[in-house]
1. Return only the number of the condition from (1) surrounded by 15 or more Cβ atoms within 10 Å (Cβ to Cβ); (2) in contact (Cβ under 8 Å) with a residue 40 or more places away in the chain; (3) touching a helix residue (DSSP H, G or I) at 6+ places or on another chain (Cβ under 8 Å) that ASN61 does not satisfy.
2. Could you figure out which of (1) buried (at least 16 other Cβ atoms within 10 Å of the Cβ); (2) farther than 20 Å from ASP97 by Cα; (3) hydrophobic (A, V, I, L, M, F, W, C) isn't true of ALA72?
3. With respect to ARG25, determine if the residue is in contact with a helix residue (DSSP H, G or I) (Cβ under 8 Å, 6 or more places away or on another chain) and within 16 Å of ALA73 (Cα to Cα).
4. Report whether or not HIS78 is surrounded by fewer than 17 Cβ atoms within 10 Å (Cβ to Cβ), over 13 Å from the mean Cα position of the chain (by Cα) and without any contact (Cβ under 8 Å) to a residue 40 or more places away in the chain.
5. Applying the selection to the stretch 22-66, what residues are part of a helix (DSSP H, G or I) and basic (Lys, Arg)?
6. Mind checking whether some residue in the stretch 49-71 is at pLDDT 90 or above, touching a Leu at 6+ places or on another chain (Cβ under 9 Å) and among the small types (Gly, Ala, Ser)?
7. Is it the case that ARG93 is under 30 Å from THR5 (Cα atoms), of a type outside the set (Phe, Trp, Tyr) and in a helix (DSSP H, G or I)?
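The values are calculated or read from the model by the stated rules, or taken from the named source; none is laboratory data. Predicted model only: the values in this text are computed from it and were never measured. Using ideal geometry, Cβ is built from the backbone for each residue, glycine included, and neighbour counts are taken over all protein chains shown.
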Amino acid sequence: MRKETGRTRRIAELLQRELAVLIPRELGDPRLAQLTLTGVDVAPDLSHAKVYITQLSGVANAPATLAVLNGAAGFLRHALRSRLDLRIIPELRFLYDESVERGAEISRLLERARTGDGDGKKR
């Protein structure tokens, strides 16, 4: 795992804020409903950025959502170029962030273990 500098972290936060505004405003696709940007990872040379997303509708709609977003990545990059005062706007790649579902599953398992449903014993 590469070390993140303060500059790349600030640029990642800036990209996340701007994309959160641009995506619903500029892309009127219904497949992007209930979309949340969970994080952005920017390369140290700013050549590319991985944008992590999740949806309230779950992982079932992720392939269609990612297809729309990755198809519009060039358009979004161009829109960012006009909104941001950066010399280099990274190429965008959208990925589904499964950590939300993983966290919910771990919480369910912990709750089952706490109540004793997992082994048949009450605690």
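1. Among (1) surrounded by 15 or more Cβ atoms within 10 Å (Cβ to Cβ); (2) in contact (Cβ under 8 Å) with a residue 40 or more places away in the chain; (3) touching a helix residue (DSSP H, G or I) at 6+ places or on another chain (Cβ under 8 Å), ASN61 violates only (2).
2. For ALA72, the exception is condition (2).
3. No: the conditions fail for ARG25.
4. Yes; evaluated as a whole, the condition is true for this residue.
5. Result: ARG25, ARG31.
6. Taking every residue of the stretch 49-71 in turn, at least one turns out to be at pLDDT 90 or above, touching a Leu at 6+ places or on another chain (Cβ under 9 Å) and among the small types (Gly, Ala, Ser).
7. Spelling it out, it is not the case that ARG93 is under 30 Å from THR5 (Cα atoms), of a type outside the set (Phe, Trp, Tyr) and in a helix (DSSP H, G or I).
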